[in-house]
Amino acid sequence: MASVTCTIQQSVVKDVEKCRLSNPNADMLAYIAKIDVTNKVVIKDDQFEEISFEDLADELPDDTPRYVVLSYKLRHDDGRTSYPLVFIYYLPETSKPTNRMLYASTLQLFSKELHLSDPLMLSDKTDLCKQWLEERLNKHSK
């Protein structure tokens, strides 16, 4: 079992729980968390009550990992609408090895503490779009 290198700030847990309980009229809510490398703690980076895929991609740094939690309005083929809480592990290929290891070693704890499903891996923020997300959500639901 991997050793835990970071803790998670309690406000992050509470903020993500609020995302889980919300049923927004918005198509997508986003919560972005980062690791404060000095103090080895996961903290809030930003939060958006309504955001597009393009704007979310613009908010992600080019060379530093992030944990992204989305409350996404998913319209199913049968007419139902659901609001899955989606965990995206953003790990750009240009990240420093030390950051890659730090985020990877904290990934399981973040997922467990926040009661999230397995993360969807994203290495290139330009891939982030509706089609990318829905393909992965549909694959997970089968």
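The values are calculated or read from the model by the stated rules, or taken from the named source; none is laboratory data. This structure is a prediction, so every number in the text was calculated from the model and none was measured. Neighbour counts are summed over all protein chains in view; Cβ atoms, including those assigned to glycine, are modelled from backbone coordinates with ideal geometry. Ligands, DNA and RNA are excluded from the accessible area calculation, which covers all protein heavy atoms including side chains. Shrake-Rupley method; radii C 1.70, N 1.55, O 1.52, S 1.80 Å.
List of remarks:
- In degrees, nearest ten, helix 10-21 long axis to first principal axis of the chain (Cα): 10 degrees
- Charge sum, other residues only, whose C-beta stays under 10 Å from CYS6's C-beta, Lys/Arg counted +1 and Asp/Glu -1: 0
- The 1.4 Å probe gives accessible areas that order GLU49, GLU93, largest first, as GLU93, GLU49.
- Computed accessible area, ARG80, all protein chains, 1.4 angstrom probe, square angstrom: 130 Å²
- Calculated P(r) tail over 19 Å for segment 24-84, as whole % of Cα pairs: 40 percent
- Heavy-atom accessible area ranking, 1.4 Å probe, most first, across MET121, MET28: MET121, MET28
- Heavy-atom accessible surface of segment 67-126: percent carbon and sulfur, 1.4 Å: 51 percent
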